[in-house]
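Inspection log for the structure reproduced underneath, given as structure tokens.
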Amino acid sequence: MKRVLAIILGGGAGTRLYPLTKLRAKPAVPLAGKYRLIDIPVSNCINSEIVKIYVLTQFNSASLNRHLARTYNFSGFQEGFVEVLAAQQTADNPKWFQGTADAVRQYLWLFREWDVDEYLILSGDHLYRMDYSKFVQRHRDTNADITLSVVPVDAKKAPELGLMKIDEKGRVVDFSEKPKGDALQQMQVDTTLLGLTPDKAKDNPFIASMGIYVFKKSVLENLLKHHDSATDFGKEIIPASAQDHNLQAYLFDGYWEDIGTIEAFFDANLALTKQPCPPFSFYDETAPIYTRGRYLPPTKMLNCNITESMIGEGCILKECRIHHSVIGVRSRIEAGCTVEDALVMGSDFYESLPERAANVDSGEVPVGIGAGTTIRRAIIDKNARIGKNVTIINKERIEEANREEFGFYIRSGIVVVIKNVSIPDGTVI
């Protein structure tokens, strides 16, 4: 795998995950109480012995830079690295990144300097565990120009994804982006060709692109050069190359979730609390998910009732009830609180007791969740200050709302409290 260069696409402005992307790049969004989205593809690369990794990003990349610099320091005796490449305007490229393919095109001059055989193109907003070495080996064994990682899907999920058809040798011969009706039925394939059992193939008669690709080095460079106006891999570059290139499909038959929307992100986080077998587990010692070591103290809990939840390190919880929730690092939850079906991202810092007392005396709300507060079906972003006796339950069952002036949004019925905001005592949302 030393001959592979990984390129992780950090995405655009992250509008589907807004307001979680208001102050950070999409790959820097916190996950599972202590990780960040970028830790998933980077950890998969490291576990697959691919250690030359670039991350392309365009918006709010300061916290992403800081996280990667503090987390992934390889030994000076090997050429491994994880490096952020931010969009920049130059004489040759006066525009910002126009899409996934354009982002790679603008940095081809740098990628060419590496003596590698393949480029591994990854997405920064998916939750899955994958051994990329098997993916790359399949690419080499079939002498493919491009190999796409695909997942089998049922008729319910298929209309929302980019689908493809394959021939009896596993070669990709047709594409369709989010097909409906008759067009959807025409995209059915025999997924036993990719190794599924007959029963599973019957339930999942479609294959969808994961947005993960392996390119031969020369093939990618030529495609980006000859299709110089194409800006997107999935919609333009890949379909345009199907006729005169050997495109192969690689079946990934494990858990994979696109968490690029607020609802999908929320559901994927809460699914982690499931016992005994969550759909995705961070407890795999053979393929760990890495993140920044914070050296925080153990969590303290005083007379708490906690069920079906995950609690990050360094928290202080007092006489509260927490159910089916994920509580992030350094969270502080005071007495009499009820937190249900919620994602609390925690804090970047501690407030000392004198600081908290001074805040109260001056009329400010301390960091954390104040006494007597109730939170249901909500995301509380980092460093939020939730006052006493606050109710965050989406009382009016609103599906979509922008209330930035009051410190929150509602997306798919989920209340999202913005990072660093203060919610006054007694507020009802």
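Things to note:
- Residue match in the range 125-133 (condition: over 13 Å from F252 (Cα atoms), assigned to a loop (DSSP other than H, G, I, E, B) and not aliphatic (A, V, I, L, M)): yes
- Some residue of the range 81-97 being in a helix (DSSP H, G or I), surrounded by fewer than 20 Cβ atoms within 10 Å (Cβ to Cβ) and either touching an Asp or Glu at 6+ places or on another chain (Cβ under 7 Å) or at pLDDT below 90 (or both): no
- The strands (runs of 3 or more DSSP E) falling completely within the range 310-429 that include 1 or more residues that are in contact (Cβ under 8 Å) with a residue 60 or more places away in the chain map to 338-344, 374-380, 408-411, 414-417.
- Residue, surrounded by the fewest Cβ atoms within 10 Å (Cβ to Cβ), within the range 277-306, restricted to residues that are polar (S, T, N, Q) and either farther than 16 Å from G33 by Cα or under 21 Å from the mean Cα position of the chain (by Cα) (or both): T286
- Residue count for the range 371-413 under the criterion of being farther than 26 Å from F349 by Cα and among the β-branched types (V, I, T): the result is 3.
- Total residues in the range 175-208, condition surrounded by fewer than 18 Cβ atoms within 10 Å (Cβ to Cβ) and over 28 Å from the mean Cα position of the chain (by Cα): 13
- Among residues of the range 29-60, those that are crowded, with 16+ Cβ neighbours inside 10 Å and more than 24 Å from Y295 (Cα to Cα), counted: 13
- Qualifying residue in the range 279-287 (condition: outside any strand (DSSP E or B), without any contact (Cβ under 8 Å) to a residue 60 or more places away in the chain, of a type in the set (G, A, S) and over 25 Å from P41 (Cβ atoms)): no
- Residues of the range 232-254 that are in a loop (DSSP other than H, G, I, E, B) and surrounded by fewer than 17 Cβ atoms within 10 Å (Cβ to Cβ): D232, A242, Q243, D244, D253, G254.
- The residue that is farthest from A342 (Cα to Cα), among those in the range 15-35 that are assigned to a loop (DSSP other than H, G, I, E, B) and β-branched (V, I, T), is T21.
- Of all residues in the range 255-276, those satisfying the criterion of being over 16 Å from G33 (Cα atoms), in a loop (DSSP other than H, G, I, E, B) and in contact (Cβ under 8 Å) with a residue 60 or more places away in the chain are Y255, G260, T261.
The values are calculated or read from the model by the stated rules, or taken from the named source; none is laboratory data. From a predicted model like this one, the values you see are computed outputs, not experimental measurements. Neighbour counts run over all protein chains shown; Cβ positions are idealised from the backbone, glycine included.
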